[in-house]
Amino acid sequence: MSEDIAKLKEAIIEGDAEKVTQYAEAALEAGVSPLVALEKGVSEGAKHVGEQFERMEIFLTNLMLSGEAMMAALDVILPKMPKEEVPVAGRVVVGTVRGDIHEIGKNILKAMLVANGFAVTDLGCDVATSRFVEEAEKIDADIIAISALMTSTLGGQKDVIDYLQETGKRDRFIVMVGGGPTNQEWADEIGADGFAETAPEAVREAIRLIEERKG
Amino acid sequence: MLNILEITRRSLEGKPCLEKDYDLRIFAPRVQELVKEYDVTYDPNIVISSDDGLADSVFKAAFDLIVEIGVFNKDTERVISFTEKEVRDSINTSFDHALLGEGMEQRTLLPRKPESKEKPWIFAGAGGVTVSSENVFMKLVQNYAELIPIANAITTPCLANVGDMSIRAKSPLEIEGSIRTVVLGREALRRAGRPGLPIMNAIGTAESAIALASGLHPDFGLRKTDGYMIAQLAELKTDFDLLNRAALLQSLNVPIAGIHGPIYGGFAGGAEGTAITSTAFHIMAIMTLGASWTLCFPIHLKYTSSSTPELIWVASQYLQAVSRNTQVPALYYNYTAAGPCTEMVLYEFAAEFIGGISSGGSIETGGVARGKYTDYLTPIEPMFASEVAYASAGITRDDANEIVKRIIPRFADRVGDPPRGKTFQECCDPVTGRPSKECYEIYERVKQEVADLGVRFLY
C-alpha cells in the first residue's frame with residue numbers, strides 16, 4: 001500500500017499525469033482508501049511541489065505540470081469518494097480583469113492554490129465584471145481572486161467589488177486582489193478583504209481569511 | 001524582416017496550438033534541451049563572463065529555438081513559423097541603426113560590442129512609472145533633460161489620472177491620457193531648453209493600439225524621430241493588437257523597438273533558459289516587427305525586480321549574444337527592488353549597468369521600486385544610472401565582473417524585502433522639481449563608492 005502511495009506522490013512531484021493516473025488506479029485497486037490516496041499521495045506531493053516552488057528550487061513549468069498531474073489524480077480518486085468526504089481547503093474563482101490580457105501571475109496563483117487543496121475555477125484573462133460574480137455563485141465560492149497587471153486596468157478590481165455591493169452580494173464572498181501595480185493601500189481603498197505580493201503569500205492569506213470567516 | 005501581412009498570413013494559417021501546450025509542452029522543454037545541447041551554464045562566481053564562446057552558444061540556442069518552435073499568436077491560437085533561411089537572412093539584412101531626435105539633439109543609435117569604448121545610448125527618465133498629476137509629470141521630464149546632459153533620449157512617466165479620474169484601459173480616458181503624455185512631454189523638454197530630444201517610449205500611457213494611433217497625430221507633437229515601442233508577450237508570444245501597431249508604425253516609417261520581459265523562474269526556467277529566451281525575443285522582434293532596436297527587461301518571478309546575480313548574468317549573456325551576432329542595437333532596462341532616495345537603489349543600478357554596458361548594450365534607466373508605486377521616482381536615480389552607464393564604456397568584462405561582485409553584497413540580502421523609499425513629493429521641491437539635499441547626499445556618497453571601485457565618471 002505504502003509503495004503505491006509513494007509512487008503516486010513521486011509522480012505528482014514529477015508532474016507526470018500518465019503515471020499519476022496509473023498509480024492512483026493501482027492504489028485504489030490495492031485497497032487503499034480514496035481519502036488516504038488523496039491525503040498521503042496527492043496532497044503531500046502537491047505540498048512538496050509548492051514548497052519547492054516557493055524556494056525557487058523548481059520553476060513555473062514544473063509547478064503547472066504538477067498541477068495537471070494532480071487534476072489527473074483527482075479524476076481517478078474523487079468519483080470513488082462520497083462528496084461530503086472530499087476535503088477542500090476552499091473554493092476560489094480566479095481571473096484577470098476586463099481589458100487585461102496578462103495571466104502568468106494569475107496562473108501561478110491558481111497552481112499554488114490547487115497545490116494547497118483549493119478547488120479553483122479559472123476564468124482566464126480579460127474577464128467581464130459580472131462573470132466573476134456569476135461563476136462565484138455557480139460554484140458557491142469562498143473567494144473571488146482578481147488579478148490586474150496594469151495601472152490602467154486596476155479599476156477592474158474595484159468594479160467587481162462595486163458590482164457585489166450594488167447587487168447585495170458583497171458579504172457572500174471574500175475578495176482578494178493581486179498583480180503588479182496592486183498594493184495594500186489599493187486593497188484597502190477599494191474594500192478588498194485580502195492582498196498579497198506573491199502567490200505563496202496569497203495562499204496563506206486565503207487560508208487565513210477562510211479560517212477567520214469560519215470563526 | 002518579413003512583411004507584416006506575411007506575419008498576419010502565418011498568424012491565420014499557421015499550425016493550430018493550444019497556448020497551454022505551447023507553454024508547457026513545446027517552449028519550456030525545448031528551452032531546457034537547448035540549454036543542455038549548447039552547454040549553457042550559469043556560474044555564480046562569474047556574473048559577467050568574458051567567454052565569447054558562451055555568448056555565441058546562447059545565440060545559437062536562441063536561433064534554433066525561434067526556427068524550431070516559432071512565435072505564438074494568442075488571438076488565433078496558431079504558431080507563426082519561420083524557416084532557418086528566413087531567420088538568417090532577416091538577421092543579416094536587419095536595420096543597423098535608428099536616427100532619433102531633431103536639430104542639435106539628433107543622434108544615431110548604433111549597436112555596440114562587448115567591451116566597446118563607444119559611449120552607450122542613454123535613454124533616461126521614468127521608465128514608464130506612473131505619476132499622479134500632470135505637474136509631477138512636467139517637473140520630472142524637465143529635470144531629466146536638465147540634470148542629465150548626457151541623455152540621448154527621454155523616457156517619460158505614465159499618467160495615472162486624467163483630471164480627477166483614474167485612466168482606464170481601452171476607454172476615452174486612455175486616449176486623452178495618451179495625447180496629454182505626448183503634449184506634456186514635448187513641452188517639458190522645450191522648457192528644459194532641449195526641444196529636440198527624442199521621447200523614446202512614445203506613447204507611455206497608451207496600452208492599446210487605438211490609444212497609440214490617437215496620440216500619433218502630428219498636431220500633438222510626436223515626430224518620426226521619436227522611439228516607438230511594441231511589447232512582445234512572455235514567452236515568445238504576440239497578438240493582433242500588438243501586430244496592429246507594427247502595421248501602423250511600419251507604414252509611418254518610424255523606428256520600432258521590440259520590448260520584452262522574459263521571466264526568470266517562469267516557463268524559461270532558470271538563468272540559462274532566461275538568457276536564451278531573452279535572445280530569442282531579440283530575433284523575434286527582427287522577424288515580426290521589423291525592429292530597428294530592441295529593449296529587454298528580464299524579471300525575477302519571485303521578486304519582480306532584476307538585480308539578483310542570476311539576472312545580472314542573464315542580461316550580460318543576452319547583450320553579449322545579440323551584440324556579437326546581430327546588428328540591431330540592444331538596450332537593457334531594469335527594475336530595481338528598492339525605491340527612490342535610498343542607497344540600495346543606486347547600488348542596484350550600478351551593478352546592473354556596469355555589467356550591461358561592458359557586455360555590449362545600451363540602456364534605458366529602469367523602473368525603481370519595481371515600477372510598482374505611483375510617484376515613487378525622482379530625477380536622481382536616472383541621473384546616477386546614466387552617469388554610471390556612460391562611465392562604464394570601455395570597461396572590460398573581467399573588470400566589470402570584479403566591480404559588480406563587490407557591489408552586489410551591498411544590497412543582495414535586501415532584494416526580498418527592499419526599502420520602498422520616498423515619493424517625488426517627499427524628495428523634490430514642489431516648484432522646481434529639484435531633488436532634496438538628502439537625495440544628493442546619498443547620490444554623492446554612492447557615486448564616490450563606485451568611483452573608488454574603478455569607474456571613471458565623466459563629471
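The values are calculated or read from the model by the stated rules, or taken from the named source; none is laboratory data. Just so you know, these numbers come straight off a predicted model, no measurement behind them. Cβ sites come from the backbone with ideal geometry, for glycine too, and all protein chains shown count toward neighbours. Remember, those area values only see protein heavy atoms, side chains included, never the ligands or the DNA or RNA. Shrake-Rupley method; radii C 1.70, N 1.55, O 1.52, S 1.80 Å.
Computed quantities for the displayed model
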item	result
Helices (runs of 4 or more DSSP H) fully within segment A:134-215 counting 1 or more residues that are closer than 23 Å to B:Asp417 by Cα and within 14 Å of another protein chain (Cβ to nearest Cβ)	A:184-190, A:199-214
Residue match in segment B:38-55 (condition: open to solvent by less than 40 Å² (accessible area, probe 1.4 Å), modelled with pLDDT under 95 and away from every other protein chain (no Cβ under 14 Å))	no
Checklist (1) open to solvent by less than 10 Å² (accessible area, probe 1.4 Å); (2) touching a Phe, Trp or Tyr at 6+ places or on another chain (Cβ under 8 Å); (3) within 12 Å of chain A (Cβ to nearest Cβ) applied to B:Gly177, failing item	(2)
Matching helices (runs of 4 or more DSSP H) fully within segment A:1-93 where at least 2 residues are touching a Gly at 6+ places or on another chain (Cβ under 6 Å) and under 30 Å from B:Gly416 (Cα atoms)	A:2-14, A:60-77
Qualifying residue in segment B:137-147 (condition: touching a His at 6+ places or on another chain (Cβ under 7 Å), modelled with pLDDT of 95 or more and open to solvent by 30 Å² or more (accessible area, probe 1.4 Å))	no
Every residue from segment A:140-164 that is over 25 Å from B:Glu207 (Cβ atoms), open to solvent by 50 Å² or more (accessible area, probe 1.4 Å) and out of contact with any Gly (no Cβ under 8 Å at 6 or more places or on another chain)	A:Asp140
Count of segment B:21-32 residues which are closer than 16 Å to A:Gly67 by Cα and either outside any helix (DSSP H, G or I) or more than 8 Å from every other protein chain (Cβ to nearest Cβ) (or both)	2
Selected residue (only one of B:Thr288, B:Thr294 is closer than 22 Å to B:Val67 by Cβ, more than 11 Å from chain A (Cβ to nearest Cβ), free of Cβ contacts under 8 Å to residues at least 60 places away in the same chain and not in a loop (DSSP other than H, G, I, E, B))	B:Thr294
Subset tally (residues that are farther than 16 Å from B:Phe72 by Cβ and either of a type in the set (S, T, N, Q) or open to solvent by 20 Å² or more (accessible area, probe 1.4 Å) (or both)) for segment B:223-240	4
Selection within segment A:90-106 - under 14 Å from the mean Cα position of the chain (by Cα), open to solvent by 30 Å² or more (accessible area, probe 1.4 Å) and at pLDDT 90 or above	A:Arg91
Tabulated pairs, segment B:29-49, first touching a residue at least 40 places away in the same chain (Cβ under 8 Å), second not in a helix (DSSP H, G or I), C-beta under 6 angstrom, 6+ apart or interchain	B:Val31/B:Ala268; B:Gln32/B:Gly269
Given (1) open to solvent by 10 Å² or more (accessible area, probe 1.4 Å); (2) out of contact with any Leu (no Cβ under 7 Å at 6 or more places or on another chain); (3) not assigned by TED's automatic domain parsing to the domain that holds A:Gly180; (4) not small (Gly, Ala, Ser), index of the condition A:Leu63 fails	(1)
Among (1) aliphatic (A, V, I, L, M); (2) over 21 Å from B:His217 (Cβ atoms); (3) away from every other protein chain (no Cβ under 13 Å); (4) open to solvent by 30 Å² or more (accessible area, probe 1.4 Å) - the single one B:Val183 does not satisfy	(2)
Enumeration of residues in segment B:112-136 that are within 30 Å of B:Gly394 (Cβ to Cβ), open to solvent by 20 Å² or more (accessible area, probe 1.4 Å) and within 14 Å of another protein chain (Cβ to nearest Cβ)	B:Gly128
Some residue of segment B:151-174 being open to solvent by less than 10 Å² (accessible area, probe 1.4 Å), acidic (Asp, Glu), over 20 Å from B:Ala257 (Cα atoms) and within 14 Å of chain A (Cβ to nearest Cβ)	yes
